[in-house]
Amino acid sequence: MRKPLELYIHIPFCAKKCGYCDFLSGPAPVDTQRRYVEQLMEEIACQSFHYPGYRVTSVFLGGGTPSVLEPKQLLGILDQVRGHFRLTEDAEVTMEVNPGTVTMEKLQACREGGINRISIGLQSSDDGELKVLGRIHTYDEFLKTFQRVRQAGFSNVSVDLMSALPGQTLASWKTTLKNVTMLKPEHISAYSLMIEEGTPFYHRYHDHPELLPNEQEEREMYYLTKQYLHGLGFERYEISNYAKPGYECRHNTGYWTGVEYLGLGLGASSYIQGFRFRNEPDLGTYCQIAMAGPDADERLHKEIVRLTHKEMMEEFMFLGLRLMRGVSGQEFERRFGVRMGDVYGEVLAKLLKNRLIVIEEPYVRLSEFGIDISNYVLSEFLL
């Protein structure tokens, strides 16, 4: 039987770089985008030969903003994937979209081309907060985009939100939650703002935390998110993700449960047969690689690391414990040939005593208190 494989396809272009963003992305001329798409399609074709024993269960077009590409380019990428990889009939195919970057023509073409899930990056329904973030759109433009997505026939739509923003209050965050849930999306990702080194936000706020919501205010937003969304029928299936029943993001769930994934495109990361590696991150260098050449993999793949048995066990625990269902002791033993208790017995006993985990055989999961301090709990599983 063919093994499952997830594909992540990186589109590194966007209309404007946001002040908080540390992703490998930015604006680029049309000619650069065209050359990149040509090279990406060549990579897809050439890399596929390494994976004859796999079936692709999900595809995720992320960025950047994939929706800045032209319909013909997006369809070309999707056709290339289908032509060179074996996709399952029910494969989840997601595209990230920013408000104001899609027309009905583009959305209809994407749906006809096989995309069946749309993830819209809103972040906030407050135009003042959007301006602070450096977003190029207004809330009204988001509403128009959401309406177009529905009119194009998409029935699986996710919205990305962000709390703990500069100037944000508990009341304005609740308004964002209310405004978005009134639209009835199937999925909501709700993250707290992270101040990443090297971004304009880092230079602006790292030494001025007083300009951000304090720890208590951030915690109140966190609790409000959980309670408000639960009351509207959203199930929290991962620390920062909520879905209506049956609409959990399968691509991300695969990542948290150790499904192998292949990253295609600039700087994309992969996890294959115990190896982690990353694609060439320099755009000029990436576009010059002869993808069919004898040294293509050597030039394309960087930072190649083979995980040890111990590291695989660590990742199984601290990725899997992000899921509300937790990790399975049976699956741990199947993968690693040893009982979870034989490896983590003392850690499990300590965390159980402190009410940071719950054990419901065969699963171990974080308690509500454990979720609150998840960074500490997960670090306990480092061997």
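Taking the highest mean first, how do the peptides 217-229, 249-261 order by number of other beta carbon atoms within 10 angstrom per residue? Show your work: numbers first, answer last.
Details: 217-229: 16.7, 249-261: 19.5.
The peptides rank, most packed first, as 249-261, 217-229.
What ranking, highest mean first, results for peptides 73-83, 197-207, 166-176, 118-128 when packing means the other Cβ atoms within 10 Å averaged over each residue? Walk me through the numbers before you get to the answer.
Numbers: 73-83: 18.9, 197-207: 14.1, 166-176: 17.4, 118-128: 22.0.
Highest to lowest by the protection proxy: 118-128, 73-83, 166-176, 197-207.
Post the alpha-carbon centroid distance, region 207-226 to region 1-44, in whole angstrom.
Result: 32 Å between the Cα centres.
Under a plain spin-label model, where a point goes 7 Å from the Cα along Cα-to-Cβ, how far apart in nm are Lys16 and His50?
3.8
Among the Cys residues of the chain, which have no other cysteine Cβ under 4.7 angstrom away?
Cys14, Cys46, Cys110, Cys249, Cys287
Specify the inter-centroid distance of region 316-383 and region 53-72, based on alpha-carbon positions, in whole Å.
When both Cα centres are located, 33 Å separates them.
Could you go through region 2-15 in sequence order and give the Karplus-derived ³J(HN,Hα) for each residue, using 6.51 cos²θ - 1.76 cosθ + 1.60 with θ = phi - 60°, rounded to whole Hz, and x for Gly and Pro?
With coefficients 6.51, -1.76 and 1.60, one gets 5, 7, x, 9, 9, 10, 10, 10, 9, 10, x, 9, 8, 5 Hz.
Considering only C-alpha atoms, what is the centroid distance from region 146-178 to region 237-307, in Å?
One Cα centre to the other: 27 Å.
Got a sec? Charge dipole of region 3-256, +1 on Cβ for Lys and Arg, -1 for Asp and Glu; which of Gly134, Ser48, Gln168 is way out at the positive end?
Ser48
Using the Kyte-Doolittle scale, find the helices of the chain whose mean hydropathy is at least -0.5 and whose Cα atoms extend 15 Å or more along the helix's long axis, counting only whole DSSP H runs.
Numbers: long enough: 30-47 (25 Å, -0.70); 71-84 (20 Å, -0.31); 139-151 (18 Å, -1.18); 170-181 (16 Å, -0.12); 215-231 (24 Å, -1.65); 309-320 (16 Å, -0.24); 340-353 (18 Å, 0.47).
Going by DSSP H runs, the hits are 71-84, 170-181, 309-320, 340-353.
If you bin every alpha carbon distance in the chain into 20 Å steps from zero, what whole percent lands in each bin?
Over the chain, the share of Cα pairs per 20 Å bin runs 26, 59, 15 percent.
With +1 assigned to the C-beta of every Lys and Arg and -1 to the C-beta of every Asp and Glu, and no other charges, what is the dipole magnitude of the chain about the Cα centre in debye, to the nearest 20? Show your work: numbers first, answer last.
Values: 42 positive and 51 negative charges, 165 e Å.
So the magnitude is around 800 debye.
Using the count of nearby Cβ atoms within 10 Å as a rough guide to exposure, how do Leu321, Leu212 rank from fewest to most? Spell out each step's value before the answer.
Values: Leu321 23, Leu212 18.
Sorted ascending by nearby Cβ count, the order is Leu212, Leu321.
Full extension from Glu38 to Glu105: what is 0.36 nm times the residue separation minus their Cα-Cα distance, to one decimal in nm?
Numbers: separation 67, 0.36 × 67 = 24.12 nm, distance 2.20 nm.
That works out to 21.9 nm of additional length.
Among the lysines, which have Cα under 16 Å from the Cα of Lys174 when same-chain residues fewer than 8 positions away are ignored?
Lys184, Lys226
Starting from the Cα of Lys350, draw a straight line to each of the lysines and keep only those under 24 Å, dropping any in the same chain fewer than 8 residues away.
Correct list for Lys350: Lys310.
Take the Cα pairs of region 309-379, get the Kirkwood Rh, then feed it into Stokes-Einstein at 25 °C and 0.890 mPa s and tell me D in µm²/s. Don't skip to the end; give the middle numbers.
Numbers: Rh = 12.0 Å.
It diffuses with D of about 205 µm²/s by this estimate.
Bear in mind these aren't lab numbers, they're just calculated from the coordinates by the rules spelled out. All figures in this text were calculated on a predicted structure; none of them were measured in a lab. Please note: Cβ atoms are built from the backbone with ideal geometry, for glycine as well, and neighbour counts cover all protein chains shown.
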